[in-house]
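The values are calculated or read from the model by the stated rules, or taken from the named source; none is laboratory data. Nothing here was measured: the structure is a model prediction, and the numbers come from that model. Using ideal geometry, Cβ is built from the backbone for each residue, glycine included, and neighbour counts are taken over all protein chains shown.
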């Protein structure tokens, strides 16, 4: 339920699609580095190449698809095509006999994500009222997180009894369910399609939207990947199962907190919730820097709460600042900027961790988080957020 009302059909469907898709994805992707190194015999450089190319592809397509969905005044075709591409990619993992095939499958999977992400988020905004955006994105992110927990637990349970390829094959089942559910989505009435132009033209941003995207991108650059918490757990003797349980803990907290964070952003405003998320990230970094197992558990909890406070709220914040006909393009820029800055940020923080230790990496991340907070504060002068209860 949203604010005591019946949840819209599209929102239910998008939540279930996210759950089944991430259930499928998290049965594959945590195992993929092991599959590449242990089954296919490649090194870490190939693992990095596969992931880097996949993320870059997704960033470019997220930018294009959101704007083009605005121009066509359609969302559903992009959503269906995106999930179809990701499902096809997961079938390729089952039959991949060498790393080039895995590379192609991973890129195709990210192509699907790039095509669907911004139009899907715009479809949510098209479906709900302005004062329900935060909780609506919170619901979608919570279902996404629930799928991640289910996928990781399923992979953990199955890999002790089945081969990598058998687990990948079973992962097709939830992916196919998600794809079937996309065909049940209903398009909301939008404006007429815009005049034809270059189909590769990038969407334009108004200044308030550009400021919000820039602030979100800087925060993405500042974030220490959860993978580093897993590395810290291994260094502290938690073992592989211990760090996987920490990952499940983080995803569970994220799933439980996301709806409440979305509702709070609707009630108290986007920037206060984002600022709270930034402060929680600083607290997480302080806990991680302590370097003990109890502090690491606390860091995992704080990581999940901080991500929940920021993730859904940022999407609602971007939509608040974009006009109805420009939502897809604004969300496309947002998704692309996050993907484009997270990768170099992760490399910089990883290099600092490797060369100077975990405390130095945490300190650098904290400094960048403070800069992101200043950028967030600067956007307040351009605020055009919708007031509570006001529709577009």
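Computed quantities for the displayed model
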item	result
Hits in the range 137-168 (condition: touching a helix residue (DSSP H, G or I) at 6+ places or on another chain (Cβ under 9 Å) and without any contact (Cβ under 8 Å) to a residue 40 or more places away in the chain)	162, 163, 166
Condition met for residue 69 (surrounded by 18 or more Cβ atoms within 10 Å (Cβ to Cβ), at pLDDT below 90 and more than 28 Å from residue 247 (Cβ to Cβ))	yes
Test: residue 84 is under 21 Å from the mean Cα position of the chain (by Cα) and assigned to a helix (DSSP H, G or I)	yes
Members of the range 253-278 found to be out of contact with any helix residue (DSSP H, G or I) (no Cβ under 6 Å at 6 or more places or on another chain) and without any contact (Cβ under 8 Å) to a residue 40 or more places away in the chain, listed by number	268, 272
Qualifying residue in the range 88-107 (condition: within 20 Å of residue 342 (Cα to Cα) and assigned to a helix (DSSP H, G or I))	yes
Failed criterion for residue 237 (all others in (1) at positive phi; (2) surrounded by 20 or more Cβ atoms within 10 Å (Cβ to Cβ) hold)	(2)
Residue list for the range 198-256, restricted to those being assigned to a loop (DSSP other than H, G, I, E, B) and at pLDDT 75 or above	206, 223, 224, 225, 236, 237, 238
Residue list for the range 142-169, restricted to those being buried (at least 16 other Cβ atoms within 10 Å of the Cβ) and over 26 Å from residue 315 (Cα atoms)	153, 154, 155, 156, 158, 159, 164, 167, 168, 169
Elements of type helices (runs of 4 or more DSSP H) in the range 285-392, at least 2 residues being farther than 29 Å from residue 269 by Cβ and modelled with pLDDT of 90 or more	293-321, 358-379
Residue selected from the range 322-381 under the condition touching a helix residue (DSSP H, G or I) at 6+ places or on another chain (Cβ under 6 Å) and without any contact (Cβ under 8 Å) to a residue 24 or more places away in the chain, by the criterion nearest to residue 275 (Cα to Cα)	364
